[in-house]
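Let me begin by presenting the structure, written as structure tokens, before commenting on it.
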Amino acid sequence: MDNAVILASAEGANPLMPNWWEVLVTLVGFLILLFIVSKFVVPMFEKTFEERHAAIEGGIEKAAAAQAEADAALEEYKQQLSDARTEANRIREEARSEGAEILAELKAKAASESARITEQAQVAIASERSAAQASLRTEVGTLATQLAGKIVGEALDDDARSARVVDRFLSDLESQQAGAAK
Amino acid sequence: MIALALPTATEGDGFQAPQISDLHLPDILPWGAEYGTGFGKQMLLVLLSVVLISWFFVAAARKRQLVPGKFQFLGESIYGFARNTVGRDMLGEKEFRKYTPLLTALLAFILVNNLMGAIPFLQIPTTSHVGTAYALAGLVYVYWIFLGIKTHGIKYFKVATVPSGVPKPFLIMVIPIEIVSTFLVRPMTHSLRLFATMLSGHMIVALTAAAMSFMFTGLGEWWGYPLGSLIFVGGLAMYLFEIFIMVLQAYVFTLLTAVYIQGSIADAH
């Protein structure tokens, strides 16, 4: 076999020699693709990525806001609860002190009433006693005079004198009583 | 060259392994014309990939649901991979946004064009034609040099080729090495890595297919059938492995692009 023929037949298929039309077609084709990718595809993908990023970020923010709101509501609720408790305590305390006051007032009232009644009673007793004393004094005087008159047989009609006698008698009686009481 | 040509030396009734020229189908416009003279299948697939990717991305991005459906999620996943895993991790939080379109377009373009080789009937990774790999790597090459000059001015060539902290006498050696490795080797490896992995993977799958076909129909012996079945299993494994390589190489190409851009916009090293 002729070596030159072999080499000649291989010459047409040298894999390192480009077909220049293919170079040109590839260049043009690739540049068109590059243009489409940079003009339309990349901006659209980037926009989608950004929107997705914003959506995720926004979602996180929203969740944080909701959490804060819930926390605030809980805080407020707790505040209200403790306020209510304080209020209740205050009212209870007030009622207790008011009750004590009322009780004390009532006691004082009762005490003064009883004192008043006692006093009135004493006054009444004293006045009745002095009235009784006065009437007794007159009656005892009269009775004693009549009795003494009967006994002596002499009418002691002289009122002035008999009154004097009775008074002396009675004051003697009183001084005797006072001496006995001592 | 000899190695590539060798199979032709055994022309005859025996097994014929597929060759690189088998990847070069006759052109479509004009119909049946010799490869390289008109508009061919590879170019059609490149344009088809542009239409497909554009439609897919625009349709997926246009929905703009906050909670994405499956379709939108798939689009967002690919975009997010180019944007975050490649762009942001390599270029940093401050800079990466400007380069997201390029990285996304590159990743999708190479991924789809590689996978063309795994789709029945299309069945050719368009990146296995070196012209496509050259075009993409060349574009990236021009772009990162442009970025370097834009960032550092004309001083960029000094930044890129004169490493700091190297003793002066060594610079005579180091500078040429840096020039060659950065400005000559880099675009070559960038393009050839993609092209060669795609080509070799495709050739291996084609080889197993051809061998299986020969075992079943061309050999005419009973033991061709079990042997062909065995080759089928191996070929299937290679096919699946090739899909993995296709995805991986799309990632590698895009990642290297990000690395080169990072080197150009970074401060002097």
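The values are calculated or read from the model by the stated rules, or taken from the named source; none is laboratory data. Everything numeric in this text was worked out from a predicted model, so none of it was measured. Ideal geometry is used to build each Cβ from the backbone, glycine not excepted, and the neighbour counts take in all protein chains shown.
Summary table
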read-out: Condition met for B:Phe56 (more than 11 Å from chain A (Cβ to nearest Cβ), under 25 Å from the mean Cα position of the chain (by Cα) and at pLDDT 85 or above); value: no
read-out: Positions within segment B:117-135 being in a helix (DSSP H, G or I) and surrounded by 23 or more Cβ atoms within 10 Å (Cβ to Cβ), in sequence order; value: B:Gly117, B:Thr126, B:Thr127, B:Ser128, B:Val130, B:Gly131, B:Thr132, B:Ala133, B:Tyr134, B:Ala135
read-out: Inter-residue pairs, beta-carbon under 8 Å, first among the basic types (Lys, Arg) and in segment A:116-137, second part of a helix (DSSP H, G or I), 6+ apart; value: A:Arg137/A:Val166; A:Arg137/A:Leu170
read-out: Search result, residues across segment B:38-62 that are free of Cβ contacts under 8 Å to residues at least 24 places away in the same chain and among the basic types (Lys, Arg); value: B:Arg62
read-out: Qualifying positions in segment A:88-136 - among the small types (Gly, Ala, Ser) and within 46 Å of the chain's Cα centre (by Cα); value: A:Ala88, A:Ala95, A:Ser97, A:Gly99, A:Ala100, A:Ala104, A:Ala108, A:Ala110, A:Ala111, A:Ser112, A:Ser114, A:Ala115
read-out: Hits in segment B:121-152 - residues which are under 17 Å from B:Leu192 (Cβ atoms) and of a type outside the set (Gly, Ala, Ser); value: B:Pro125, B:Thr126, B:Thr127, B:His129, B:Val130, B:Thr132, B:Tyr134, B:Leu136, B:Leu139, B:Val140, B:Tyr141
read-out: Segment B:210-237: number of residues that are under 24 Å from the mean Cα position of the chain (by Cα) and either in contact (Cβ under 8 Å) with a residue 40 or more places away in the chain or surrounded by 16 or more Cβ atoms within 10 Å (Cβ to Cβ) (or both); value: 1
read-out: Cross-chain or 6+ apart pairs with Cβ under 6 Å, segment B:20-33 first and more than 24 Å from B:Met198 (Cβ to Cβ), then in a loop (DSSP other than H, G, I, E, B); value: B:Leu29/B:Gly38; B:Pro30/B:Gly38; B:Gly32/B:Pro26; B:Ala33/B:Asp27
read-out: Residues satisfying the stated conditions in segment B:58-113, i.e. aliphatic (A, V, I, L, M) and either closer than 13 Å to A:Val37 by Cα or touching a Cys at 6+ places or on another chain (Cβ under 9 Å) (or both); value: B:Val58, B:Ala59, B:Ala60, B:Ala61, B:Ile78, B:Ala82, B:Leu102, B:Leu103, B:Ala105, B:Leu106, B:Leu107, B:Ala108
read-out: Among (1) exposed (fewer than 15 other Cβ atoms within 10 Å of the Cβ); (2) outside any helix (DSSP H, G or I); (3) within 7 Å of another protein chain (Cβ to nearest Cβ) - the single one A:Pro18 does not satisfy; value: (1)
read-out: The listed residue being outside any helix (DSSP H, G or I), at the interface with chain A (Cβ under 8 Å from one of its Cβ atoms) and surrounded by 17 or more Cβ atoms within 10 Å (Cβ to Cβ), out of B:Tyr35, B:Tyr79; value: B:Tyr35
read-out: Residue within segment A:81-99 that is within 14 Å of chain B (Cβ to nearest Cβ) and not β-branched (Val, Ile, Thr) present; value: no
read-out: For B:Ser49: the one exception among (1) closer than 30 Å to A:Met44 by Cα; (2) more than 8 Å from chain A (Cβ to nearest Cβ); (3) surrounded by 14 or more Cβ atoms within 10 Å (Cβ to Cβ); value: (2)
read-out: Listing of helices (runs of 4 or more DSSP H) fully contained in segment B:136-245 that carry 3 or more residues being within 30 Å of B:Ile261 (Cβ to Cβ) and at pLDDT 90 or above; value: B:168-179, B:186-213
read-out: Residues located in segment B:59-68, provided they are at the interface with another protein chain (Cβ under 9 Å from one of its Cβ atoms) and within 13 Å of A:Phe40 (Cα to Cα); value: B:Ala60, B:Ala61, B:Arg62, B:Lys63, B:Arg64
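This table checks each residue for (1) among the aromatic types (Phe, Trp, Tyr); (2) in contact (Cβ under 8 Å) with a residue 60 or more places away in the chain.
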| site | (1), (2) |
| --- | --- |
| B:Arg64 | no, no |
| B:Leu74 | no, no |
| B:Tyr79 | yes, no |
| B:Lys94 | no, no |
| B:Tyr99 | yes, yes |
| B:Leu102 | no, yes |
| B:Leu115 | no, yes |
